[in-house]
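Below is one structure, written out as structure tokens; comments come after it.
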Amino acid sequence: MVQKGFIEPGEKPRRFYETVSVEAGEEGWRVLLDGRPPRSSRGAALVAPTRGLAELAAVEWEAQTRHVDLAVMHATRLAFTALEAIPTAREAVADQIVRYAGNDLLCYPAEAPEALRARQMTEWSPVLDRARSELGVALEPSRGILHRDQPDHALEAVRRHALSADDYTLSGLAFGVPLFGSAVLTLGLWRGWFSGEEAYALSRLDEAWQESQWGIDEEAAERTARLQAEARMLEAWFRGLDADPVSPA
């Protein structure tokens, strides 16, 4: 039996609530289901530092129909991650982001065909240049498919930016790096250089080129739509954190 307001990972309980609301509390902005906060499997109540972020999660709860599918409720999961996992694992999460930077997608343009390589260089180079000038993240593109070690100072800059982030932002950064295959794109989205869809489009230039040559199958289209939605959510997550929080009661 599923306790009301308590969600086990992997389970899809029936929707057990009628109303969803957001309310200010001493600890921040709470998402409430029939006046009670949903809780993670470890008992954390769903709380966010800004009203905008709480409303982002609340929209997910309102969108559930017959069953509650936590797997597609990314803002809710990011909030629980920020509340429970990030505080005791900040160094490990920063290490994960640094590992992506060490193999950043933007540093590995295709060797062929030349048209694809030229497009990647045209669209990726300005992002790498901006990361160098604005963030001090001076990654060096590879000249082939073999791994290229990145300068220690560039990776340390990535680490500094990750560790400078609050727990909710760091949760978003950890979500973004595998989504885009790029620490640079994730940092850029956080800093507002582009939209979530634009970041995702930059991450899949190879796939888009292949589709232009061979067409799009249904499964690939569904995957693209799903990942685009995740990228839009991540943009909303970062923007919700950037918004001035309204002081809770």
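Rule-based calculations on the coordinates, nothing more; no lab input. Just so it is clear, the structure is predicted and the values come from calculations on it, not from any experiment. Every residue, glycine as well, gets a Cβ built from its backbone with ideal geometry; the counts of neighbours run over all protein chains shown.
Determine, yes or no, whether A112 is among the aliphatic types (A, V, I, L, M), within 28 Å of E207 (Cα to Cα) and out of contact with any strand residue (DSSP E or B) (no Cβ under 6 Å at 6 or more places or on another chain).
For A112, the condition - among the aliphatic types (A, V, I, L, M), within 28 Å of E207 (Cα to Cα) and out of contact with any strand residue (DSSP E or B) (no Cβ under 6 Å at 6 or more places or on another chain) - is met.
Looking for something without any contact (Cβ under 8 Å) to a residue 24 or more places away in the chain, closer than 18 Å to R117 by Cα and of a type in the set (D, E) - is there at least one such residue anywhere in the stretch 194-206?
no
Can you pull out every residue in the stretch 215-244 that is small (G, A, S) and surrounded by 14 or more Cβ atoms within 10 Å (Cβ to Cβ)?
Result: A229, A231, A236, G240.
Does the stretch 10-29 include one or more residues that are of a type outside the set (D, E) and crowded, with 21+ Cβ neighbours inside 10 Å?
For the stretch 10-29, residues of a type outside the set (D, E) and crowded, with 21+ Cβ neighbours inside 10 Å: present.
If only one of E222, E230 is without any contact (Cβ under 8 Å) to a residue 12 or more places away in the chain, farther than 27 Å from Q150 by Cα and part of a helix (DSSP H, G or I), which one is it?
The match here is E222.
Quick one: count up the residues across the stretch 60-83 that are within 18 Å of the chain's Cα centre (by Cα) and buried (at least 16 other Cβ atoms within 10 Å of the Cβ).
Matching residues across the stretch 60-83 total 13.
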